[in-house]
Amino acid sequence: MAGSIGGPPSIYPTLLYADAKAAIRQLTEAFGFTELSVYEGEDGTVLHAELAQGNGAVMLGSKGRGGVFDAAMKSAGTTGVYVVVDDVDAHHQRAVEHGAEILMPPTDQDYGSRDYMARDLEGNVWSFGTYAPALGS
């Protein structure tokens, strides 16, 4: 079953971008995501893309392409996503080297995590850190 403990994730943050191709470049180059798939329309619009990080993934596409999801997201605000990484400082350095806007440098948290926060090209907030809550028993 998808999402079972130890199985594939059952939650995939899904974002729409005015410039989905630029978003894919930033997420892969600055934040270390791996491109799994990109489906484009005849006009080059990103209809659907999947990017992986660790054992999780995000789905994204272009704004303004029509459809129910595009209409539902039209007035939505930015999104915040938390991604677990092994080496926060190295991950942060990579993001800085690729010009990502850093909102908070690597910081040790009271609850035991070390994380940093960045904003992508269209305002979504990405937190990267060591906090990985245990699911199930």
Which length gain, in nm to one decimal place, applies between Val81 and Val96 when the Cα-Cα distance is subtracted from 0.36 nm times their residue separation?
-> 3.6 nm
GluC sites (Glu not before Pro), restricted to segment 17-116: which are DSSP loop and have at most 11 other Cβ atoms within 10 Å?
-> Glu42
MRE, 222 nm, helices only [DSSP H, n ≥ 4, -39500 (n - 2.57), over the chain, to nearest 500] | -5500 deg cm²/dmol
Helix 88-97: inclination vs the chain longest Cα principal axis, degrees, rounded to 10, gives 50 degrees
Is the shape of segment 78-120 rounded, prolate or oblate, going by the alpha carbon gyration tensor and its root eigenvalues a ≥ b ≥ c, with a/c under 1.5 for rounded and a/b larger than b/c for prolate?
-> oblate
Helix 20-29 vs. the chain, principal-axis angle (Cα, 0 to 90°, nearest 10) | 30 degrees
Mind checking the per residue accessible area of the chain for me, 1.4 Å probe, whole number of Å²?
-> 58 Å²
Work from the charge dipole of the chain (Cβ charges, +1 for Lys and Arg, -1 for Asp and Glu, about the Cα centre) and give the residue of Gly64, Leu36, Val83 farthest towards its positive end.
-> Gly64
For the chain the mean separation of alpha carbon contacts under 8 Å (6+ apart) over residue count, i.e. relative contact order in percent, is 22 percent
What size of dipole, in debye to the nearest 20, comes out for the chain about its Cα centre when the only charges are +1 on Lys and Arg C-beta atoms and -1 on Asp and Glu C-beta atoms?
-> 320 debye
Residue order for Ile11, Ile102 - accessible surface, 1.4 angstrom probe, largest first = Ile11, Ile102
Which FRET efficiency, nearest 0.05, do Lys63 and Glu42 yield, Cβ-Cβ r, R0 25 Å?
-> 0.90
Under the rule rounded for a/c under 1.5, else prolate if a/b exceeds b/c, else oblate, using alpha carbon gyration tensor axes a ≥ b ≥ c, segment 1-91 is classed as prolate
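The values are calculated or read from the model by the stated rules, or taken from the named source; none is laboratory data. Keep in mind that this is a model prediction, so the values were computed, not measured. Ideal geometry is used to build each Cβ from the backbone, glycine not excepted, and the neighbour counts take in all protein chains shown. Surface accessibility is based on the protein's heavy atoms, side chains included, excluding ligands, DNA and RNA. Shrake-Rupley method; radii C 1.70, N 1.55, O 1.52, S 1.80 Å.
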